[in-house]
1. If you go through the stretch B:41-63 one residue at a time, how many are in a helix (DSSP H, G or I) and either within 14 Å of another protein chain (Cβ to nearest Cβ) or surrounded by fewer than 20 Cβ atoms within 10 Å (Cβ to Cβ) (or both)?
2. Please find, among A:Leu265, A:Leu203, A:Leu184, A:Leu195, the residue that is under 24 Å from A:Pro147 (Cα atoms), assigned to a helix (DSSP H, G or I) and modelled with pLDDT under 75.
3. Among the residues of the stretch A:195-226, write down those that are hydroxyl-bearing (Ser, Thr, Tyr), in contact with a Gly (Cβ under 7 Å, 6 or more places away or on another chain) and within 9 Å of chain C (Cβ to nearest Cβ).
4. Here is a list: B:Val301, B:Val264. Which entry is at pLDDT 90 or above, hydrophobic (A, V, I, L, M, F, W, C), within 29 Å of B:Ala52 (Cβ to Cβ) and part of a helix (DSSP H, G or I)?
5. Scan the stretch B:299-323 and report the pairs whose first residue is in contact (Cβ under 8 Å) with a residue 60 or more places away in the chain and whose second residue is exposed (fewer than 11 other Cβ atoms within 10 Å of the Cβ) and part of a loop (DSSP other than H, G, I, E, B), with Cβ atoms within less than 6 Å and a gap of 6+ or a chain change.
6. Being polar (S, T, N, Q), more than 14 Å from chain C (Cβ to nearest Cβ) and surrounded by 24 or more Cβ atoms within 10 Å (Cβ to Cβ) is the filter here; which residues of the stretch B:212-248 pass it?
7. Look through the stretch B:102-116, keep the residues that are more than 12 Å from chain A (Cβ to nearest Cβ) and surrounded by 24 or more Cβ atoms within 10 Å (Cβ to Cβ), and return whichever of them is farthest from B:Ser212 (Cα to Cα).
Amino acid sequence: MREVRPRLPIHYLLIGIVAIYAIALVGIPTAAIIGGALNKGIAALVMAVTAPDVIHAFEVTVLLAVGAGAFNLVAGLLLAWVLVRHEFRGKQLLIALVDAPFVISPVIIGAVLIIVFGRGGWLSIPNVPIAFALPGMMIAVIIVTMPFVAREVMPVLAALGPEQEEGAFTLGAGRWYTFRRIVLPELRIALLYGLALTFSRALGEFGAVIVVGGAIQGLTETATVYIFRALDDRNTVGAYGAAIILAGLSVILLNVIERLNRRRLSRHTATSGAASE
Amino acid sequence: MFNQIRRNSLRVVLALSLLAVLLAAAPHGARADQPDLTLTLAAYSVPRAAYAELIPLFTKQWLDKTGQKLTFQQSFAGSGAQARAVVGGLDADVVALSLETDVNAIVKAGLISHDWQKGDYKGFVTDSIVALAVRKDNPKHIKDWIDLAQHPLEVITPDPTTSGGAQWNILAAYGAARRGFVTGYDKSDDGGLKFLTELFKNLTVLDKDGQSSYLTFQKGIGDVAINYENVILSAIAAGDEIEIVYPTSTILIENPVAVVDTVVDKHGTRAAAEAFVNFLFTPDAQRIFVKYDFRPVETTVAADKLLATQFPTFTDLFKIDEFGGWDKVSKEIFGKDGKVTALLNTVKGQ
Amino acid sequence: MATQISAAVNSTVTTRSGIKPGLRIPQHPPTTARWGVLGLRFAALSYLAACVLIPLLIISIAGLREGLDVFVQNITRPAAIHAIGLSLWTAGLMTALNTVMGALTAWILVRFRFPGKMLLNALVDLPFAIPTLVAGVMLVLLLGPQTALGGLFEHTFGVRLLFAPPGIVLALLFVSYPLVVRTVQPALHQLDSDQMEAAYTLGGSGWYTFRRVVFPAIRPALLTGALLSFARALGEFGAVVIVAGNIPMRSQLASVYIYGQVEAGDLGAASGVSVVLLFIAFALTFWVDWRERRRHA
């Protein structure tokens, strides 16, 4: 669609409504928390967020996010591939199940992990702490962020169609070569988009990690759990400061997404243009 | 240009991954390298600030005495939830909880094998009492338990299924009525339950632990909060615009602390853990607890005349024996078919 | 979501039949690759199983362990019913509002050029970036009973914003804002301006254009966005645990109720309510899917 300048009064009205809505819903609360963090001055803010437990909490958060991102990148791609390229009964149901982690409360995922990996659980390994420790939290974040990469890749893979792959195959190309040289480049944007969404979600994960981790300061406390705790401690500067940093990290990633999104939109118009030939 | 964007995004991703790996690999204090040791403390929510001061003091003393560097990992949550977490796999070397019952749950799970109640103080490291917090200038004129039965009124107390503090609060109200200190209600178990019914009708937010419960009150919800005396006093000291109201009759809260045998033996931390627990009973530590408005147990500190101003005495102060001890209480009052559980269900639909 | 994916997948199946004459495409992969295929499938499906099926199974077992009658008891407790109901209607209300505002936002972002558009884009993306817990914190900071705004609402209008349903809907609106906008935007981009303007000239009104040209084009995206918002709102925890208030029977959402039950050790009750929510979300998704497929048949 072509972009035009607003002409009629109704255009201005619509823009105005949306602008007010967005500012009231998103802009003002964001400004409020930045104000809250700077309430006691910038020195206090810096001191609060460079405390060792804050730094450690961020280390845990970033570690979990990167781990889940890396794992789900590969696993999500694999899952998307099998769900799109393979034919078997019950595929529809499985495709729908990919969205399940969106609806299952993260708290339940944490609780399930404690059942499975906690003391006496059937997958618990003596002397290897999984529940109430980082491995359990990693598993929790992987589960919770599972859908993102798969969901992004599946439509692209489906729209791509197997003709190119089969074409290459008949010309003698090996499966792996085909995948690497023909399929993967097409999926790059979707993969990166899914990865960025995974990171964003993982950075903000709270329910699952507080249940499965036990909120042990210095061990299983993520940035979000720290914020929760800091609020309890009335450490508003620390809480809001950590919140801003966490959001800031995400925003950097979102910049990447936005650039990719614009790329994806113009690619859509390009491919739909090609398809109509 | 597509390649440029792709390259940039890849660079961002790579940079972040590198950052993460570096951060994770960087040395930080939480590692338990020999001979440095890590101790894990699982406590109820309320004494967080006290332990924040106690732990550095202890680690310094321990370093001076043994040359060994100690790092503490701490977790604070509702007493009941915490006990369940420890049973479920949270490897705590030391537990400091609100209720005897919660420690006994850990004993029942086979994790504590020694008699933690041996010793002068029966394993209780701090005391407190149940008091009431009201808004500045007491607009609703709350003077005693009886005023909590008036309608309409919003009363804040935590959820007894997760919070030890909530159970103490309910027992205090129950006991006061049972013992005849709430006018209009029979000096009997029945009278006590009738008073609780009226009280429960006024309950609003049920938070998961004592600390969160107070914070909800602080945010402006409710007319009166039932909580530990020390939580209320600390809040007043921090400048919150509230007042404390001492009822005529209340229950003595005794908070236990114990070493978890299976964990300390697994981690090889027994000496340090036991030393920490013993440290908590020393006059220095007890004075720190007093600073955070806990009532001390150690005889010399407790005998200090100056404490009388900080901690008033009561017309009627009863203990858990009023109800026959925690084992009985846990089963008959707060258990699945317990009296209070049933009452709360009927009144609150839980 | 599933609709779009199955539509795309089905279209690939039909194109398979359009094979150029003269080229022989082998019908089956050679036997050596067969094991690779199976291995791949097994790995992918185990991943899906581990992430989704096993937790679902464990949730169901935990919920049904003590028998069907206890399960029914657990989910028919007044507090549980109320929590589920509250979650459903706040999610529903939010979805309705979000779909309208989201579509409108997508429209003006695609259609118009105006100063401050970049800022608006940033505002739309911000909720994705901000961790849900932080969103809740922001709202309490801004609208809690002790703040100017919150106090105003409470005393003048007698409406408590936070720790009450209005606050819940607000928090959910915040975190779901980008969901509809970013789903509808690509669909709007694909719209042909000429087609639109022709319809406008013919029909003589914006509403006619909307009904006949725009709406049909964005309908699938709207549905996807709406379903996504709704399903996600049912499971939302971080944003609401701070904002919602945990008053059983008054402002306790299902996700917070579940958390309470987990912390209290009553896994059966927690699982029961989870299963109900899951069932509702899936049923809704399948129903919408089925309706859409019938339309397109």
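1. Result for the stretch B:41-63: 13.
2. A:Leu265
3. A:Thr224
4. B:Val264
5. Nothing qualifies.
6. Hits for the stretch B:212-248 are B:Asn227, B:Asn230.
7. Only one residue tops the list, namely B:Val103.
Quick grid of which residues meet (1) assigned to a helix (DSSP H, G or I); (2) more than 10 Å from chain C (Cβ to nearest Cβ); (3) crowded, with 23+ Cβ neighbours inside 10 Å:
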residue	(1), (2), (3)
A:Leu63	yes, yes, no
A:Gly69	yes, yes, yes
A:Asn72	yes, no, yes
A:Gly76	yes, no, yes
A:Leu79	yes, no, yes
A:Val82	yes, no, no
A:Arg89	no, yes, no
A:Gln92	yes, no, no
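The values are calculated or read from the model by the stated rules, or taken from the named source; none is laboratory data. Everything numeric here is computed off the predicted structure, so don't read it as measured data. Reconstructed Cβ throughout: ideal geometry from the backbone, glycine too, with neighbour counts over all protein chains shown.
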